[in-house]
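See structure below.
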Amino acid sequence: MKRPQDITIHTRLENGHPVCIRTIREDDGERMRLGIAQMSAQSRYLRFFSGARTPPDWVIERLTDVDGHDHIAWGAVDASREDTPAIGAVHAFRDPEDEDCAEFSVGVLDEYHGLGLGKLLTATILHHARTEGLAEFAVNILAENRSARDFAKSLGAEYERLEDGVMVFELDIERAIAALREECDPPGMADVFRAFAEVT
């Protein structure tokens, strides 16, 4: 049986663009820093609740300090380019007070929006989280981020509360995986499910 950390997923976006999805490593710091800098101020604000172009070192360190259990993280790189720049990432930080739950977030560079990358990354981390015994994700979304709210709801997320302009949703992992399996869109979703077939 493979471990999730051993998996590399080669797939394509809805427009046929080749991407590679793999776990984030400690040496991805600079790649991640460059990716965040390329996001629009609005996208950075919606993802990090801050529009700062250059995140402080501690943020990069936290995003790349991945152990595959308490912090699960996957990144997508553009496989059509020799320097394979980062184009998206997804994270799940386990709640120290509730081991069955993790805080979930996903971010994608603006030029890759609308091509299914967010769904592919989400499906990937949902599968990995299930193998690590997680049952649900807590999803924090700014109230004005309608697209993120719609995406979370499409996976079966349930609204819990509003805290200082941030909407908190609870997402059942098994229910979300089932929703993505039934929809099977974008086409690259089949590659994600196939990659985890030997793990789950």
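Quick notes on this structure:
- Enumeration of residues in segment 118-175 that are farther than 30 Å from GLN5 by Cα and polar (S, T, N, Q): ASN145
For every residue, the table says whether it meets (1) under 17 Å from ILE125 (Cα atoms); (2) assigned to a helix (DSSP H, G or I); (3) without any contact (Cβ under 8 Å) to a residue 12 or more places away in the chain; (4) more than 15 Å from the chain's Cα centre (by Cα).
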| position | (1), (2), (3), (4) |
| --- | --- |
| ASP28 | no, yes, no, yes |
| LEU34 | no, yes, no, yes |
| LEU46 | no, yes, no, no |
| ARG53 | no, no, no, yes |
| TRP58 | no, yes, yes, yes |
| ASP67 | yes, no, yes, yes |
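- Near pairs, Cβ below 9 angstrom, 6+ apart or cross-chain, from segment 135-164 (part of a strand (DSSP E or B)) to any residue that is among the small types (Gly, Ala, Ser) and surrounded by fewer than 18 Cβ atoms within 10 Å (Cβ to Cβ): LEU142/GLY165; LEU162/ALA143
- Options LEU121, LEU109, LEU117: the member that is within 18 Å of ALA148 (Cβ to Cβ), touching a residue at least 40 places away in the same chain (Cβ under 8 Å) and touching a helix residue (DSSP H, G or I) at 6+ places or on another chain (Cβ under 8 Å): LEU109
- Candidate set from segment 165-192 (those that are in a loop (DSSP other than H, G, I, E, B) and more than 11 Å from ALA123 (Cβ to Cβ)); member that is most open to solvent (accessible area, probe 1.4 Å): PRO187
- In the set (1) touching a residue at least 40 places away in the same chain (Cβ under 8 Å); (2) out of contact with any helix residue (DSSP H, G or I) (no Cβ under 6 Å at 6 or more places or on another chain), the condition left unmet by LEU126 is number (2).
- Enumeration of residues in segment 106-122 that are of a type in the set (A, V, I, L, M, F, W, C), farther than 19 Å from ALA41 by Cβ and either part of a helix (DSSP H, G or I) or within 12 Å of the chain's Cα centre (by Cα) (or both): LEU117, LEU120, LEU121
The values are calculated or read from the model by the stated rules, or taken from the named source; none is laboratory data. Just so it is clear, the structure is predicted and the values come from calculations on it, not from any experiment. No Cβ is skipped: glycine too gets one built from the backbone with ideal geometry, and neighbour counts run over all protein chains shown. Side chains are part of the model used for accessible areas, which takes the heavy atoms of the whole protein and leaves out ligands, DNA and RNA. Shrake-Rupley method; radii C 1.70, N 1.55, O 1.52, S 1.80 Å.
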